[in-house]
Amino acid sequence: MSPVVDWLRRSLWDMVPRDHREAPETLRRRQWVTAGFVLLGASVLGFSLRIEPGSDWFYLSTLVLAGAWAVGAFVSGPLHLGRIAHRDELVRPWATPIGLGLAIAGIFVVGGLVVREIPFLGDQVASVLDYADQGSLAILVGITLVNGVAEELFFRGAAYAAIPRRPVLWTSIAYPIATLATGNVMLSFAAALLGVVVGLERRASGGILAPILTHITWSLSMLLVLPLVFGATPG
């Protein structure tokens, strides 16, 4: 087996041993809390991306959104960091999810070269990149980190644990549905692809650390590189 295939198998497929089973009443409570915060978060997200780029209200609304995801995650019940197999032992994942985030970002950059030539889709991406073009780069980096962590706490933490069957599938659907509140098709498409990858990481590792690292690596790469593909300069 090649090193790349082995790396992908350990990162996305091989499930490490764990017992995170919850009592039926605990699971029902988590499900109700999660459903409520999905509706709240989608509403805040839709509002935030309808604010004029560069406005201070955009920064505030995105921080409120991160707060909603994080509060929902911790209120729902216990969260776990997870582990992956490495040299005959189980360790906290860090290098492999970062590498996976960079690989996904590379795929998106190549895809961006194609998308920018398609008027409607290119306009959809450009409308999101306006926030990187007109806002403060330092603040946007901070917000990107905070939101990436908060989203994974909620979707691969609370929401994943709230779904007893096919959680990778359903959280991969729920995440882009929540982003549909923005009215941006390309943002939802990106959320769907990223959701599948981090969902598989969550399944394999049994925790949220790997999805968080992959998500923020991908998000920061998109923030810094994708504007260059579309002829904008971040910040």
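The values are calculated or read from the model by the stated rules, or taken from the named source; none is laboratory data. Values in this document were obtained by computation on a predicted structure and should not be read as measured data. Note: ideal-geometry Cβ built from the backbone for every residue, glycine included; neighbour counts use all protein chains shown. Note: areas computed on protein heavy atoms with side chains; ligands, DNA, RNA excluded. Shrake-Rupley method; radii C 1.70, N 1.55, O 1.52, S 1.80 Å.
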Along the range 16-27, Karplus-curve 3J(HN,Hα) (6.51, -1.76, 1.60; θ = phi - 60°) to the nearest Hz, with x for Gly and Pro, reads 7, x, 6, 10, 10, 5, 10, 5, x, 5, 5, 5
The simple spin-label model distance between Trp32 and Val225, using points 7 Å out along Cα→Cβ, in nm, is 4.5
If I compute solvent accessible area with a 1.4 Å probe over the protein chains, what percent of it on the chain is carbon and sulfur? 69
Under the Karplus relation 6.51 cos²θ - 1.76 cosθ + 1.60, θ = phi - 60°, what is the ordered set of whole-Hz ³J(HN,Hα) values for the range 96-101, x standing for Gly and Pro? 5, x, 5, x, 5, x
Please find the FRET efficiency linking Asp14 to Asp56, where r is the Cβ-Cβ separation and R0 is fixed at 41 Å, and quote it to the nearest 0.05. 0.35
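Over the Cα atoms of the chain, what is the Rg over Rh ratio if Rh follows Kirkwood? Kindly include the intermediate steps, with their values, before the conclusion.
Working: Rg = 17.6 Å, Rh = 18.1 Å.
My calculation puts Rg/Rh at 0.97.
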So how long is each side of the range 137-235 along the principal axes, counting just the alpha-carbon atoms, biggest first, in Å? 44, 26, 18
Under the Karplus relation 6.51 cos²θ - 1.76 cosθ + 1.60, θ = phi - 60°, what is the ordered set of whole-Hz ³J(HN,Hα) values for the range 119-125, x standing for Gly and Pro? x, 5, 5, x, 5, 4, 5
Taking the Cα centre as origin and putting +1 on Lys and Arg beta-carbons and -1 on Asp and Glu beta-carbons, what dipole magnitude results for the chain, to the nearest 20 debye? 820
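Quick one: work out Rg over Rh on the C-alpha atoms of the range 1-63, Rh as Kirkwood radius. Write out the running numbers ahead of the final one.
Working: Rg = 20.0 Å, Rh = 16.0 Å.
So for the range 1-63, dividing Rg by the Kirkwood Rh gives 1.25.
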Under the rule that an exposed site lies in a DSSP loop and has at most 13 other Cβ atoms within 10 Å, name the longest stretch of the chain with no trypsin sites (Lys or Arg not before Pro) of that kind, not counting the sites themselves. 88-164
Under a 1.4 Å probe, what is the accessible area of the range 47-86 per residue, stated in Å²? 51
